[in-house]
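Below is one structure, written out as structure tokens; the observations come after it.
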Amino acid sequence: MLIDDYKPRSLKEVISQKDLIVKTIDWLNKWKPGKALIIYGSSGTGKSLIVNLIAKEKEMSLFEMNASDNRSASSIKEKLVPASKEGSLFKKRLILIDEADSFGESDRGGIAEIIKIIRESANPIILIANDAYDQKLRSLRGYCDLIRIRKIPVNLIERRLDEIALKEKMKIDRETIRKIALNSEGDIRSAINDLKSFNETPRDKEENIFEVLNKIFKGRDLRTALRAIDSSDKDLDEIFWWVEQNIPLEYSSPELVAEAFEILSKADNFRSRIIRNQNYRFIKYMKDEIASISLLENPDRKFVMYRPPGRLITLGSTKVSRKEAEEFYKSLGLNCSLKKIREQAPLLKIILGRRFRGY
Amino acid sequence: MFQIWTEKYRPKTLSEIINQKHVVERLKAFVKEKNIPHMLFAGPAGCGKTVSAFAIAHELYGEDWKQNLLNLNASDERGIDVIRGKVKDFARTRSMGNFPFRLIFLDESDALTPEAQQALRRTMEAFSNISRFILAANYSSRIIEPIQSRCAVFRFSSLKDSDVKEYVERIVKGEKLRIDESAIDAIIKLSEGDLRRVGNILQASAVLNKKIDEDTIYEVSAQAEPKEVRKMVEHALNGKFLDARESLKELLLKKGVSGEDIVRQISSLIYDLNVSEKAKAELMEKVGEFEYRLQTGNDQIQLESLLAQFALFKKA
């Protein structure tokens, strides 16, 4: 895969992130038992890669555990305790716990076990997470130093994509490369993967979502828009949400925004018939509705950097998840529904002060 | 020990219930005879419906009340499965101890889906030899006719100013609060007869100030206003559609407010909006249309489409 072919082989080849590398090596040099390190930040920015390369260049042996492993208390104990004991005389050991914020239901007690191991481990432990402030990691944070990894600047991603496209002799224009880089939002892994999917030969080419959106928003006829929807690499529901996300970016006049949403609202009602009654016949009508957005006459045609749906929400880190808040509300033992408690939440927040764990 | 006052000062017996004399007298008579019919309590929020049901259970069963009362909140568990499962299982089991029947309390039962209400009908009848139902609702009209006809309907009236004052004084005395007379008036005005709100406003004010004055009450109460929905609508009217959308997503995804609740709040604030009368009428019609579409659609899409309609009435 492209992503493997162009993976940095040494720390020197890593783009950006010098700061993180220096800090991490420094942390390792000064490491004393009892403390672990959490490296956290957006995905595709190089966290795991950098830890791996550091281990390689410092000639440490790496013991890794990630979300694909069973991480219940007992299996962590079974695997990590031996690894945390003194390594061989010649090679120091580094323990990496990747995807530390995705301990699932079945991994109950796993975090507590990790804390125990951190306190006794003879080898340094590094944890990797997207969000170090995830509720699940709360108890763990007290035993850890934190380093945040930055997103990779878009222009550096663009330059890297250019290099790769050149070496691979790809037929891809600068404009598309720029779009991919912008759209990656600092995630170089997704950018390189996207680059690959843009380089398909034209004959069996799947239309990428940007082109599909272009044909829906800027097209002039139903058939072209419909064909674009059908040949997209995304399924209809994904396209639906891409359209939802980008309507207000495409149109600057409120009239057109309202008209486009009016169409989407109707498409949505077909959509729920499909979902609720498994009435797949309505897929056709949902498609027709979405395609009909192409008939809106937009005098103000401009280049729009389409954005993927839903990202805004997941990025804004919710401190308290909905489920945790509900648990908290229930724990208050008030004799009323969650709905009523939520209505009273602002007052409860004042009353409870720091004890308040809702929103 | 720390306690939320709405719980601490919750009446435990029928005699402690504030006002509702006409209802309470009859309930007391039922308890005395140890025989109650199925009942429907209708009335506004925070006027004593839930409290009355619990008091009945306390007085009927004493120590054993927990085993003999099934307390379900239909707003949290409103589906047909709950009625067919939990409720039915409880209804058909004989009471613990020597009591003639068990009690099932369905709070906020106007949130039960019509299907769930239909399912309830048979259960109420089939096990009436060993089980009694008390349903509470804000509006009896949202309870289907067949259920209403199986119940003795009790209408709880909204509390008068003097009732609210009685409750405030109960807490003031119990907590040894220092409070201005004008602050009490402010609470009465702001609470709209909802004692749950009274308790919370009072406790929040006491956290902020040792001596509670009128300003504290207004300050606390302003913080409790559901401002987000208004803010969202204002964004749309100001032509900031993207901000309006962010507010919407925050309400739906982060705060977990239902689309139905949001659309109702929107409809209740239309008349205060800074737009022409004609615009208000048109917007009201749109709100109605999208509330309808919500029933068979996705909350976010439908509300977003509604906000796009509001954006057409952008303020000059």
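The values are calculated or read from the model by the stated rules, or taken from the named source; none is laboratory data. Quick caveat: nothing in here was measured; it's all calculated off a predicted structure. Heads up, the Cβs are rebuilt from the backbone with ideal geometry, glycines too, and the neighbour counts pull from every protein chain shown.
A few points about this structure:
- Residue match in region B:115-134 (condition: within 14 Å of another protein chain (Cβ to nearest Cβ), over 30 Å from B:D215 (Cβ atoms), modelled with pLDDT of 90 or more and under 19 Å from the mean Cα position of the chain (by Cα)): yes
- Search result, residues across region B:265-312 that are outside any helix (DSSP H, G or I) and at the interface with another protein chain (Cβ under 9 Å from one of its Cβ atoms): B:T296, B:G297, B:N298, B:L312
- One residue stands out among those in region B:13-47 that are away from every other protein chain (no Cβ under 12 Å), touching a residue at least 40 places away in the same chain (Cβ under 8 Å) and under 24 Å from B:G174 (Cα atoms): the one that is nearest to the chain's Cα centre (by Cα), which is B:C47.
- Top-ranked residue of region A:35-58 - restricted to ones that are at pLDDT below 90 and not hydroxyl-bearing (S, T, Y), ranked as nearest to the chain's Cα centre (by Cα): A:G44
- Hits in region B:104-118 - residues which are touching a Leu at 6+ places or on another chain (Cβ under 7 Å) and either over 9 Å from B:A74 (Cβ atoms) or in a helix (DSSP H, G or I) (or both): B:I104, B:F105, B:S109
- Whenever a residue of region B:175-200 is more than 24 Å from B:Q3 (Cβ to Cβ), it has no partner that is surrounded by 15 or more Cβ atoms within 10 Å (Cβ to Cβ) and modelled with pLDDT of 95 or more lying with C-beta atoms less than 6 angstrom away and at least six residues away or across chains.
- Residue, modelled with the lowest pLDDT, within region A:322-341, restricted to residues that are under 20 Å from B:E250 (Cβ atoms) and at the interface with chain B (Cβ under 9 Å from one of its Cβ atoms): A:R322
- Checking B:Y9 against (1) within 14 Å of chain A (Cβ to nearest Cβ); (2) without any contact (Cβ under 8 Å) to a residue 60 or more places away in the chain; (3) over 23 Å from B:N129 (Cα atoms), the condition it does not meet: (2)
- Close contacts from region A:344-359, counting a first residue that is at negative phi and assigned by TED's automatic domain parsing to the domain that holds A:E327 and a second that is assigned to a loop (DSSP other than H, G, I, E, B) and at pLDDT 80 or above, with Cβ to Cβ under 7 Å and a gap of 6+ residues or different chains, come to A:L348/A:F356; A:K349/A:F356; A:I351/B:I4.
- Subset of region A:241-263 (residues that are of a type outside the set (D, E, K, R), more than 7 Å from chain B (Cβ to nearest Cβ) and part of a helix (DSSP H, G or I)): A:W241, A:W242, A:V243, A:Q245, A:N246, A:I247, A:L249, A:L256, A:A260, A:I263
- Candidate set from region B:229-257 (those that are at the interface with another protein chain (Cβ under 8 Å from one of its Cβ atoms), outside any helix (DSSP H, G or I) and at negative phi); member that is modelled with the highest pLDDT: B:V257
- Per-region count, region A:26-54, residues touching a Leu at 6+ places or on another chain (Cβ under 9 Å) and either surrounded by fewer than 16 Cβ atoms within 10 Å (Cβ to Cβ) or assigned to a helix (DSSP H, G or I) (or both): 9
- Qualifying residue in region A:29-36 (condition: in contact with a Pro (Cβ under 6 Å, 6 or more places away or on another chain), touching a residue at least 40 places away in the same chain (Cβ under 8 Å) and not acidic (D, E)): yes
- Filter result for the condition that a residue is touching a strand residue (DSSP E or B) at 6+ places or on another chain (Cβ under 7 Å) and among the small types (G, A, S), over B:S109, B:S128: B:S109
- Restricting attention to region B:171-200, the residues that are in contact with a Phe, Trp or Tyr (Cβ under 7 Å, 6 or more places away or on another chain) and within 14 Å of another protein chain (Cβ to nearest Cβ) total 4.
- Checked against (1) free of Cβ contacts under 8 Å to residues at least 60 places away in the same chain; (2) in contact with a helix residue (DSSP H, G or I) (Cβ under 6 Å, 6 or more places away or on another chain); (3) part of a helix (DSSP H, G or I), A:L166 passes all but condition (2).
- Whichever residue in region B:201-220 is away from every other protein chain (no Cβ under 12 Å) and in contact (Cβ under 8 Å) with a residue 24 or more places away in the chain and, among such residues, is surrounded by the most Cβ atoms within 10 Å (Cβ to Cβ): B:I212
- Members of region B:299-316 found to be touching a residue at least 24 places away in the same chain (Cβ under 8 Å), under 23 Å from A:R276 (Cα atoms) and either aliphatic (A, V, I, L, M) or surrounded by fewer than 22 Cβ atoms within 10 Å (Cβ to Cβ) (or both), listed by number: B:D299, B:Q300, B:L303, B:L306
- Subset of region B:69-83 [away from chain A (no Cβ under 14 Å), surrounded by fewer than 20 Cβ atoms within 10 Å (Cβ to Cβ) and at pLDDT 85 or above]: none
- Residue check, B:S182 assigned to a helix (DSSP H, G or I) and crowded, with 24+ Cβ neighbours inside 10 Å: no
- Just so you know, in region B:45-102 the residues that are among the aromatic types (F, W, Y) and assigned to a helix (DSSP H, G or I) include one that is farthest from B:V24 (Cα to Cα), and it is B:F90.
- On the stretch given as region A:258-296, residues that are more than 22 Å from A:N214 (Cα to Cα) and free of Cβ contacts under 8 Å to residues at least 12 places away in the same chain total 10.
- Residue within region B:251-264 that is among the β-branched types (V, I, T), assigned by TED's automatic domain parsing to the domain that holds B:R170 and without any contact (Cβ under 8 Å) to a residue 40 or more places away in the chain present: no
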